[in-house]
Amino acid sequence: MSSDPNCIFCKIVDGKIPARKIYEDDELIGFHDIAPWAPVHFLLVPKRHIASMAQLTQEDAALMGKIMTLAPSLAVENGCRPYPDGGYRVVVNTGVEGGQEVHHLHVHVMGGPRPWLKG
């Protein structure tokens with residue numbers, strides 16, 4: 001598995017930096033964002049170092065499918081109300097101009113109760 005010794009997410013994967021984990025298997029790790037933008041805000045991160053979504057290849061299709069199908073259940077388990085009354089956002093920032101700050105592919109899942117929203 002490829003790793004970058006200077007990457008903060010690789011250090012989390014390796015256990016060198018603590019994180020509030022919500023999920024882990026052989027390919028992925030999920031943990032709470034340290035600067036949340038919503039009541040529920042966690043990241044799903046491949047354990048293999050992939051710099052960004054722009055570096056994905058066809059061989060990564062199953063990995064990305066796994067992330068996208070895992071996100072809904074983890075969102076609900078972590079406090080988002082289920083669809084259609086509740087919901088969440090799934091965001092992948094790609095590259096500097098796309099707002100990517102950590103150059104290790106990661107998927108943000110954000111949602112949760114927001115009393116100022118009607119619905």
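Assorted remarks:
- Number of positions in region 18-54 that are loosely packed, with under 13 Cβ neighbours inside 10 Å, without any contact (Cβ under 8 Å) to a residue 24 or more places away in the chain and farther than 18 Å from G79 by Cβ: 3
- Residue-level check: of (1) modelled with pLDDT under 95; (2) within 16 Å of H106 (Cα to Cα), Y83 misses just (2).
The values are calculated or read from the model by the stated rules, or taken from the named source; none is laboratory data. Predicted model, so just to flag it, every value in this text is computed and none were measured. Reconstructed Cβ throughout: ideal geometry from the backbone, glycine too, with neighbour counts over all protein chains shown.
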